[in-house]
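The values are calculated or read from the model by the stated rules, or taken from the named source; none is laboratory data. Computed from a predicted structure; not experimentally measured. Cβ sites come from the backbone with ideal geometry, for glycine too, and all protein chains shown count toward neighbours. Heavy atoms of the whole protein, side chains included, go into the accessibility calculation; ligands, DNA and RNA do not. Shrake-Rupley method; radii C 1.70, N 1.55, O 1.52, S 1.80 Å.
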Amino acid sequence: MEMKIGLISDIHSNVIALQAVLDDMKSVGTDVILCAGDIVGYNPYPNETVELLKKYRVKCVKGNYDNAVVTGDTQWFNPVAIQTVRWTSQQLTRDNLRFLETLPDHIDLNGITIYHGSPSRLEEFVFENNHERFCQVFDPYDVQVVVFGHTHVPLKEVCGNKIILNPGSVGQPRDGDPRASYGIWDTETKEFTVRRVSYDYAKVQEKIKEAGLPQMMADRLRYGK
């Protein structure tokens, strides 16, 4: 079945960026939206973000940040991130916490398998700084198209007969471009398009300050790093 699939990841409680992406996606036209996790964290709109994903019926997997908020396990986090995990846990409603608890580790849909980190580890960063080693991460898995997030950097790589995609980050880009990042995968043409969308990051920065979240979380939104 031919589809245009919207791919998002690493929203990190930035509902302002998410709404801008969803509006842009509507103009492009998509059949379904998949999210590669890290729905919450860092930014100040956790409940609003979850509610918007529910409204648009986005199919999501669990990110390492989502898992930390649910379980309290912050062993992979630095002190600043731990502060935002605890704040997020206190803010979430029971229903929205339950939403995060029930997220799967992966989703298979129409030839696509979506994870957060690597297929084997939720918290593993997979960068393409060595093509051979990069492809080895995905070698054991018999899949056509793999989508992952976690790095906050968009990517497309071909590993043998596998296509590996990362749509970048909606809510906290780290590739030097502060605009929200997302992807469109066309299952018919096998074309992957990364789109960048401007949003009012100053509004998010102000809300971060009001919430008492770390200032560095506000600062990095301006630079995309």
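Mind checking which residues of the range 113-156 are assigned to a loop (DSSP other than H, G, I, E, B), surrounded by 16 or more Cβ atoms within 10 Å (Cβ to Cβ), among the hydrophobic types (A, V, I, L, M, F, W, C) and within 20 Å of the chain's Cα centre (by Cα)?
L122, V126, F148, V153
Report, by residue number, each residue of the range 1-52 that is hydrophobic (A, V, I, L, M, F, W, C) and more than 13 Å from the chain's Cα centre (by Cα).
Hits for the range 1-52 are M1, M3, I5, I16, A20, L22, M25, V28, V32, L52.
Got a number for residues in the range 101-111 being assigned to a loop (DSSP other than H, G, I, E, B) and more than 17 Å from I39 (Cβ to Cβ)?
Number satisfying all stated conditions: 2.
How about the range 19-42: which of its residues are out of contact with any strand residue (DSSP E or B) (no Cβ under 7 Å at 6 or more places or on another chain) and among the polar types (S, T, N, Q)?
Q19, S27, listed by residue number.
In the range 76-111, how many residues are in contact with a strand residue (DSSP E or B) (Cβ under 7 Å, 6 or more places away or on another chain) and modelled with pLDDT of 95 or more?
Total satisfying the criteria: 3.
Pull out all pairs, ordered by first then second residue, where Cβ-Cβ is under 7 Å, the residues are six or more apart or on different chains, the first lies in the range 147-169 and is closer than 17 Å to D66 by Cα, and the second is among the hydrophobic types (A, V, I, L, M, F, W, C) and open to solvent by less than 20 Å² (accessible area, probe 1.4 Å).
Partner pairs satisfying both residue conditions: F148/A36; F148/V126; G149/A36; T151/V126.
Test I16 against the stated conditions and say whether it is β-branched (V, I, T), in contact with a strand residue (DSSP E or B) (Cβ under 8 Å, 6 or more places away or on another chain) and modelled with pLDDT of 95 or more.
no
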